[in-house]
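This report concerns only the one structure given below.
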Amino acid sequence: MIKHLLISAAIVTASFATASAETVRWARAGDSITMDPHAQNEGPTHTLSHQIYDTLLHRDMAGAIIPSLATEWAALSDNPNVWRFTLRKGVVFHDGSDFTSEDVVFSLNRAMADGSEMKELLSSVKEVRAVDSHIVDVETNGANPLLINNLTNMFMMDKGWSEDNKVTTPHDVAKGETNFATMNTNGTGAFMLVSRAVDEKTILKANPNYWGKDIYPNQVTEIIYTPIQSSATRVAALLSGEVDIIQDVPVQDLGRVSASADLQLATAAQNRVIFFGLDTVNGPTANLKVRQAMNIAINRDSIKKIVMRGQSDPTGVIMPPFVNGWTEALNQHPQYDLNKAKALMKDAGYSNGFDIVLNCPNDRYVNDESICQAAVGMMAKIGITVTLDAKPKAQHFPIAKGGEADFYMLGWGVPTFDSHYIFNYLVHSQTNDRGSWNPTGYSNADVDAMIVSLESETDLTKRDDTIAKIWAAVQVAQMYLPIHNQVLNWGMRKDIMFDVQPEDTPLFQFLTFK
Amino acid sequence: MERFFRSDFFYHFRHAPVAIVSFVTIILIILAAIFANFIAPTNPFDPASLNLMNGFTPPLEANEFTGERFLLGTDDQGRDLFSTILYGLRISLFVGLMAVLLAMVMGVLLGLIAGFLGGWIDSVIMRFADIQMTFPSILVAMLIYGVARGILPPEVRYEMSIVVLIISIGLSEWVPFARTVRGSTLVEKEKEYVTAAKMIGLTRQQIMLRHILPNVLSPVLVIATITFALAIIAEATLSFLGVGVPSTKPSLGTLIRIGQDFLFSGEWWILLFPAVTLLALALSINLFGDWLRDILNPKLK
């Protein structure tokens with residue numbers, strides 16, 4: 001089997017020891033939804049969790065998997081169904097307790113419990129066992145060669161702390177639940193939570209006992225994180241020096257930021273696709289012809305030109321190009337064709353159109369509300385009267401996920417870089433442990449079976465064939481209307497050296513100052 | 001009519017240039033809003049008529065893709081700003097007017113009752129008014145707005161958003177009416193004509209509405225004008241904060257909110273024109289209201 005024996009990132013030697021005390025003031029449009037690291041599978045939530053909690057392994061800036069809390073991992077040579085992880089020694093949680101295999105077993109089981117949004121990533125896992133204090137075995141149903149890709153956002157919590165504070169299961173965000181871990185943390189990460197006011201300000205300070213002290217630069221001693229929803233206010237804060245780094249420079253202000261003498265702009269293609277979801281069971285959108293009509297009524301090129309000012313890549317599939325399974329053919333976006341769309345509406349029996357509500361976030365994706373507004377106009381041209389309901393993401397996501405919405409916007413990043421992640425969350429029919437983000441009602445037993453089979457397919461060519469087949473089915477069903485892949489634009493002080501990462505997850509222990 | 005033109009009121013009006021200019025501005029803006037569908041070249045509330053490619057066209061310049069020209073340019077969705085401002089004015093004026101009417105009816109009635117009846121009713125009403133005065137009215141409006149949005153089922157929330165705005169602004173502005181009317185009522189109810197009315201056996205209701213009310217109305221007119229301006233600004237503020245009317249049917253406040261995003265990137269017209277319109281409207285109403293107060297207040301003559 002694939003044998004991983006990775007030399008840790010210790011290549012980065014102790015040359016960073018001369019770090020000065022530095023506070024970094026960091027802003028983006030929206031706040032983390034919860035500090036419970038398993039309760040919400042969402043970008044900004046994970047980004048904040050990554051500062052405080054660690055995963056067994058994570059990705060470097062180029063996307064390669066590197067060690068974190070696990071130093072080595074490999075499938076057992078005599079049993080390919082078992083992955084063995086060797087844990088880093090001498091790691092302590094922020095409260096001083098030791099990090100051991102017990103905590104890994106606890107955390108992975110917690111991530112598979114009810115209320116967890118991380119379930120789909122572990123749907124192939126049968127059992128997690130501690131072999132000794134620093135060795136953990138993860139047994140899967142059939143060999144899953146790609147399991148480790150699913151662990152890059154799987155945070156490790158302290159078993160003792162979780163039991164003491166009665167947070168042994170995650171809280172269900174969609175049901176409005178909270179628990180002690182919503183506002184309190186105890187991780188092993190580079191930063192510790194000092195204070196948090198939701199949607200206002202979160203302050204983190206460097207962890208003096210961080211295991212990565214001599215591995216990473218660790219020049220940041222304090223992080224002040226302020227969500228600023230209004231794009232004008234956010235960019236004004238950056239231009240005036242009130243904040244040091246923003247993750248989402250508004251597309252209209254890119255020129256202004258790069259022209260500033262004190263600021264720099266870092267740009268990269270982002271691993272995130274933006275799309276609309278449709279109800280395939282109830283209402284007019286249950287009719288395939290209506291969905292097809294809506295798909296070709298969206299003028300993706302004009303959204304790119306006007307709303308995104310060129311900062312996007314229109315696409316025809318809900319998959320960013322980073323992902324295994326992506327092809328140029330799938331990516332071809334459908335040609336805008338108003339007459340054909342009108343004809344399809346007529347065929348479907350809706351020549352007079354219909355009324356529908358479009359649920360949209362207004363603080364999550366680049367120009368999310370503007371895209372939705374543009375869609376309102378495009379849908380009106382084929383007779384569909386759309387009422388736009390734009391809300392902050394903390395209110396939008398429960399609506400979108402809960403199946404209340406007939407027409408909603410969503411964005412999807414793929415941390416595993418594999419199609420299976422998209423399928424398991426967005427395509428598999430909604431069951432107890434799969435399809436949690438598929439409120440469209442799309443359900444196809446053959447497709448479900450193929451998705452599950454991906455988890456234990458060791459023949460990678462055969463696996464890729466199955467992926468292609470599932471994509472073909474998704475493209476026919478059109479429960480999602482892809483719009484584009486996002487482009488990342490970080491704006492920051494000129495003396496900050498920080499690589500942009502396609503998942504839009506800054507890891508502040510890597511940040512250095514000139 | 002002739003009596004009006006020969007009145008003191010008209011005489012003072014003719015000799016106050018500020019009053020004339022502000023009055024004409026108000027009338028022009030109101031007419032423009034009423035006849036928006038005849039004046040405006042496009043209907044910005046009809047999303048089917050929009051062409052996204054017209055977005056961000058500067059005033060009077062030709063759009064680089066479609067070649068179309070717009071008097072005041074277009075916003076981020078390709079809406080003609082001139083038309084959008086006219087249609088937005090309709091919402092702003094309608095909300096302002098209805099909110100003032102609501103606040104006026106409520107405030108005058110409560111003030112009348114408090115002043116005339118006195119006793120514990122007076123205490124309850126006026127202490128409640130005092131409590132409400134301790135909160136900024138925009139916060140009260142936001143509170144009422146939030147509660148109403150929470151109670152209403154989602155299907156009617158959008159149709160009701162204007163009604164909710166009217167109610168939330170109206171309920172937050174009734175206190176000045178109530179206080180003034182109560183004060184005047186306290187003075188009026190001691191006068192002989194009220195005693196006379198009581199003597200001939202009229203009911204309290206009749207005395208309040210037929211006899212006292214007409215005599216306490218002139219300060220109400222002044223407060224109404226000032227509150228009208230306040231209500232328009234409150235609507236703009238709520239919409240600016242994103243809790244007002246939906247962005248697909250923008251009012252002046254919504255347009256200013258949209259325009260604010262493009263302040264740094266050079267698309268100044270999206271913010272400037274709606275803001276100037278709002279400024280002109282609110283300033284004119286305030287100036288006219290000030291003048292009205294001076295004229296109707298015998299002490300300042």
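The values are calculated or read from the model by the stated rules, or taken from the named source; none is laboratory data. What you see is a predicted model; the values in this text were computed from it and never measured. Reconstructed Cβ throughout: ideal geometry from the backbone, glycine too, with neighbour counts over all protein chains shown.
B:Glu235 satisfies every condition listed in (1) within 14 Å of another protein chain (Cβ to nearest Cβ); (2) acidic (Asp, Glu); (3) within 19 Å of the chain's Cα centre (by Cα) except (1).
Does region B:62-72 hold any residues that are more than 14 Å from chain A (Cβ to nearest Cβ) and in contact with a helix residue (DSSP H, G or I) (Cβ under 6 Å, 6 or more places away or on another chain), and which are they? It would help to see each step written out before you state the result.
Restricting attention to region B:62-72, the residues satisfying the condition of being more than 14 Å from chain A (Cβ to nearest Cβ) are B:62, B:67, B:69-72.
If the condition is that a residue be more than 14 Å from chain A (Cβ to nearest Cβ) and in contact with a helix residue (DSSP H, G or I) (Cβ under 6 Å, 6 or more places away or on another chain), then B:Leu71, B:Leu72 are the ones that fit.
Spot the failing condition for A:His396; the list is (1) in contact with a strand residue (DSSP E or B) (Cβ under 9 Å, 6 or more places away or on another chain); (2) not in a helix (DSSP H, G or I), and only one is missed. Looking at each condition in turn, A:His396 falls short on (2).
Please specify each residue of region B:34-55 satisfying the condition of being outside any loop (DSSP other than H, G, I, E, B), within 12 Å of chain A (Cβ to nearest Cβ) and either closer than 15 Å to B:Leu71 by Cβ or without any contact (Cβ under 8 Å) to a residue 60 or more places away in the chain (or both).
So the first thing to find is which residues in region B:34-55 are outside any loop (DSSP other than H, G, I, E, B), and the list is B:34, B:36-39, B:47-49, B:52-54.
Going one step further and asking which of them are within 12 Å of chain A (Cβ to nearest Cβ), we end up with B:47-49, B:52-54.
Scanning region B:34-55 gives B:Ala48, B:Ser49, B:Leu52, B:Met53, B:Asn54.
Scanning region B:142-191 for residues that are part of a helix (DSSP H, G or I) and of a type in the set (Lys, Arg) returns B:Arg149, B:Arg157, B:Arg179, B:Arg182. Listed by first and then second residue, the pairs linking a residue in region A:301-318 that is more than 14 Å from every other protein chain (Cβ to nearest Cβ) to a residue that is of a type in the set (Phe, Trp, Tyr) and in a strand (DSSP E or B), with Cβ atoms under 6 Å apart and 6 or more places separating them unless they lie on different chains, are A:Ile318/A:Phe275; A:Ile318/A:Tyr480.
Of the residues A:Ala206, A:Ala261, A:Ala190, which is more than 14 Å from chain B (Cβ to nearest Cβ), surrounded by fewer than 16 Cβ atoms within 10 Å (Cβ to Cβ), among the aliphatic types (A, V, I, L, M) and farther than 27 Å from A:Ala400 by Cα? Before the answer, list the steps.
Details: A:Ala206 fails: surrounded by fewer than 16 Cβ atoms within 10 Å (Cβ to Cβ); A:Ala190 fails: surrounded by fewer than 16 Cβ atoms within 10 Å (Cβ to Cβ).
Every option except A:Ala261 fails the conditions.
Taking the conditions exactly as written (within 14 Å of chain A (Cβ to nearest Cβ) and either surrounded by fewer than 24 Cβ atoms within 10 Å (Cβ to Cβ) or in contact with an Asp or Glu (Cβ under 9 Å, 6 or more places away or on another chain) (or both)), does B:Ile270 satisfy them or not? Yes: the conditions hold for B:Ile270.
For region A:444-458, state whether one or more residues are modelled with pLDDT of 95 or more, at negative phi, surrounded by fewer than 16 Cβ atoms within 10 Å (Cβ to Cβ) and hydrophobic (A, V, I, L, M, F, W, C). Looking through region A:444-458, at least one residue is modelled with pLDDT of 95 or more, at negative phi, surrounded by fewer than 16 Cβ atoms within 10 Å (Cβ to Cβ) and hydrophobic (A, V, I, L, M, F, W, C).
Quickly run through region B:51-99 and pick out the residues that are of a type in the set (A, V, I, L, M) and over 31 Å from the mean Cα position of the chain (by Cα). So that I can check it myself, show each step before the final result.
Taking region B:51-99 first, the residues of a type in the set (A, V, I, L, M) are B:52-53, B:60, B:62, B:71-72, B:81, B:85-86, B:89, B:91, B:93, B:95, B:97-99.
Passing the criteria: B:Leu52, B:Met53, B:Leu60, B:Ala62.
In region B:121-138, the residues that are closer than 27 Å to B:Leu238 by Cβ reach residues that are among the hydroxyl-bearing types (Ser, Thr, Tyr) and surrounded by 17 or more Cβ atoms within 10 Å (Cβ to Cβ) with C-beta atoms within less than 8 angstrom, at least six apart or across chains, in these pairs: B:Gln132/B:Ser172; B:Ser137/B:Ser172; B:Ile138/B:Ser172; B:Ile138/B:Thr237.
The residues of region A:366-398 that are within 9 Å of chain B (Cβ to nearest Cβ), surrounded by fewer than 22 Cβ atoms within 10 Å (Cβ to Cβ) and farther than 18 Å from B:Val245 by Cα, listed by number, are A:Ala380, A:Lys381, A:Gly383. Evaluation of B:Pro59 against the conditions (1) within 14 Å of another protein chain (Cβ to nearest Cβ); (2) surrounded by fewer than 18 Cβ atoms within 10 Å (Cβ to Cβ); (3) in a loop (DSSP other than H, G, I, E, B) shows that the sole unmet condition is (1). Residues that are assigned by TED's automatic domain parsing to the domain that holds A:Gln332, more than 26 Å from B:Ile256 (Cα to Cα) and in a helix (DSSP H, G or I) do occur in region A:261-284.
Does A:Ala405 count as in a strand (DSSP E or B) and either more than 12 Å from every other protein chain (Cβ to nearest Cβ) or surrounded by 20 or more Cβ atoms within 10 Å (Cβ to Cβ) (or both)?
When the stated conditions are applied, A:Ala405 does not pass them.
When restricted to residues that are small (Gly, Ala, Ser) and closer than 30 Å to B:Phe273 by Cβ, region B:81-140 contains 7.
Considering only residues of region A:209-232 that are assigned to a strand (DSSP E or B) and not aromatic (Phe, Trp, Tyr), which is farthest from the other protein chains (Cβ to nearest Cβ)? So the residue we want is A:Thr221. Counted as qualifying within region B:192-295 are no helices (runs of 4 or more DSSP H), as none has 3 or more residues that are out of contact with any helix residue (DSSP H, G or I) (no Cβ under 9 Å at 6 or more places or on another chain) and in contact (Cβ under 8 Å) with a residue 12 or more places away in the chain. Taking the criterion of being within 21 Å of A:Met497 (Cα to Cα) and either touching an Asp or Glu at 6+ places or on another chain (Cβ under 7 Å) or of a type in the set (Phe, Trp, Tyr) (or both), the residues of region A:207-225 that qualify are A:Tyr216, A:Gln219, A:Val220, A:Thr221, A:Tyr225.
Being hydroxyl-bearing (Ser, Thr, Tyr), part of a strand (DSSP E or B) and farther than 30 Å from A:Val427 by Cα is the requirement here; does A:Ser195 meet it?
On the way: hydroxyl-bearing (Ser, Thr, Tyr): yes; part of a strand (DSSP E or B): yes; farther than 30 Å from A:Val427 by Cα: yes.
Yes.
Please go through region A:233-250 and give me each residue that is buried (at least 17 other Cβ atoms within 10 Å of the Cβ) and either more than 13 Å from chain B (Cβ to nearest Cβ) or under 20 Å from A:Ser312 (Cα atoms) (or both), ordered by number. Hits for region A:233-250 are A:Val235, A:Val243, A:Asp244, A:Ile245, A:Ile246, A:Gln247, A:Asp248, A:Val249, A:Pro250. If you go through region A:482-494 one residue at a time, do you hit one that is more than 30 Å from A:Met379 (Cα to Cα) and outside any strand (DSSP E or B)? Checked region A:482-494: at least one residue is more than 30 Å from A:Met379 (Cα to Cα) and outside any strand (DSSP E or B).
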